[in-house]
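Bear in mind these aren't lab numbers, they're just calculated from the coordinates by the rules spelled out. This structure is a prediction, so every number in the text was calculated from the model and none was measured. Ideal geometry is used to build each Cβ from the backbone, glycine not excepted, and the neighbour counts take in all protein chains shown.
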Amino acid sequence: MKTLISSLALTGLLALAACKTTSTQNVIYPSVHPGGRPAAEQVHARIYKPEGAGPFPAILVLHGCDGIKQHYEGWAEVAASWGYVAVLVDSFTGRGFGQICTNTADVQPDERVLDIVGTTAYLKTLPYVKADAIGLFGFSHGGWTIMKGVQANARLTNSGVKAAVAYYPWCDPERDGNVDLPLLILMGAADNWTPPERCRNLKDQRRLRKPELVDMVFYDGAYHAFDIPGRTMEMLGRGEGGSITMRRVGYNAPAAIDAMKRAKAFFDTHLKP
């Protein structure tokens with residue numbers, strides 16, 4: 001967490017001293033069944049609350065296949081510094097997993113969409129949250145979850161979700177065209193884990209029913225996980241065709257800085273009108 005915050009603070013993009021998180025709280029609440037009833041699966045989450053009484057809009061941070069890591073905690077801190085209640089949603093612990101990078105189907109994105117619904121229901125019980133102004137902020141597997149959650153049949157607008165930002169998601173040109181709320185996709189053009197062509201095809205092949213809701217940015221030379229400070233490296237991961245091969249991940253400072261600016265502006269536009 002400190003690595004991410006330090007890297008971003010050095011760019012002059014954050015003023016954490018002026019807008020600090022005053023409290024964090026670990027909570028557990030039920031996910032839901034497709035019909036909306038509470039499910040047996042328990043969602044573990046950490047809430048980051050900005051200074052003040054609120055009510056504040058909220059951003060749900062959705063981790064990647066690696067599960068809860070300091071990097072996502074850092075993003076939750078950043079979202080709180082922007083003036084949002086940030087909720088770091090853990091979809092793996094309650095299901096008995098730590099990480100699923102070599103078997104990404106162990107927890108399906110549709111299951112995580114139900115965790116989003118359960119989280120929004122919980123947020124309605126908190127007086128300092130504007131439950132009708134919720135954003136989704138997902139990374140990799142969390143971005144894949146967003147691609148399913150923004151579809152009209154997921155009905156997340158009924159749960160107060162107003163906008164979503166997906167970092168390097170898995171896109172399905174055949175099934176992800178019915179986007180029903182504002183969506184920003186941020187990807188590395190050199191990503192060999194979640195191929196950017198799959199997202200490009202949504203627009204290029206005119207698969208989107210409401211193309212005006214979707215904005216996409218592709219960063220030349222950037223790999224998967226371009227926002228995570230550190231060296232470029234290879235790691236095992238399941239990707240296109242179901243194959244488990246070495247995938248390249250690596251930090252790209254220009255892409256990370258630009259993407260963060262775009263994400264903040266996007267959320268501010270749609271959650272702070």
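Relative contact order (percent) for the chain, with alpha-carbon contacts under 8 angstrom and 6 or more residues of separation?
15
What order do you get for 37-48, 67-78 when each peptide is scored by the mean count of other beta carbon atoms within 10 Å, highest first?
Sorting 37-48, 67-78 by mean packing, highest first, produces 67-78, 37-48.
What whole-number distance in Å separates the alpha-carbon centres of segment 177-195 and segment 80-144?
That distance is 18 Å.
Please give the peptides 201-212, 258-269 ranked by average Cβ packing (other Cβ atoms within 10 Å per residue), highest first, as a rough proxy for protection.
So the order, starting with the most tightly packed, is 258-269, 201-212.
Where in segment 46-61 does the label zone of Thr24 land, with the point 7 angstrom along Cα→C-beta and an amide N cut-off under 11 Å?
46-49, by backbone N distance to the label point.
Using the Karplus curve 6.51 cos²θ - 1.76 cosθ + 1.60 with θ = phi - 60°, work out ³J(HN,Hα) for each residue of segment 151-156 in order, rounded to whole Hz, and write x for Gly and Pro.
Along segment 151-156, the couplings run 6, 4, 6, 6, 6, 6 Hz.
Under a crude label model (7 Å from the Cα following the beta-carbon direction), how far is Asp258 from Ala53 in nanometres?
Using points 7 Å along Cα→Cβ, the separation is 4.3 nm.
Rounded to the nearest 500, what is the chain's calculated 222 nm mean residue ellipticity when only DSSP H runs of at least 4 contribute -39500 (n - 2.57) each, over all residues?
-8500 deg cm²/dmol
Would you please give the FRET efficiency between Asn158 and Thr232, computed as 1/(1 + (r/R0)^6) with r the Cβ-Cβ distance and R0 = 41 Å, to the nearest 0.05?
The computed FRET efficiency comes out at 0.50.
With no solvent and one point on each alpha carbon, what is the Debye value of log10 I(q)/I(0) for the chain at q = 0.16 Å⁻¹?
Here log10 of I(q) over I(0) equals -1.28.
If I take R0 = 25 Å and measure r between the Cβ atoms of Arg206 and Ala105 in this structure, what FRET efficiency does the formula 1/(1 + (r/R0)^6) give, to the nearest 0.05?
E between Arg206 and Ala105, to the nearest 0.05, is 0.30.
Using modelled backbone amide H atoms (1.01 Å from N, in-plane), which distant-in-sequence or interchain residues come within less than 5 Å of Val129's amide H?
Phe56
Applying the Karplus parametrisation 6.51 cos²θ - 1.76 cosθ + 1.60 with θ = phi - 60° to the phi angles of segment 212-223, what ³J(HN,Hα) value in whole Hz is obtained for each residue in order, glycine and proline being reported as x?
5, 8, 10, 10, 10, 10, 10, 9, 4, x, 8, 9
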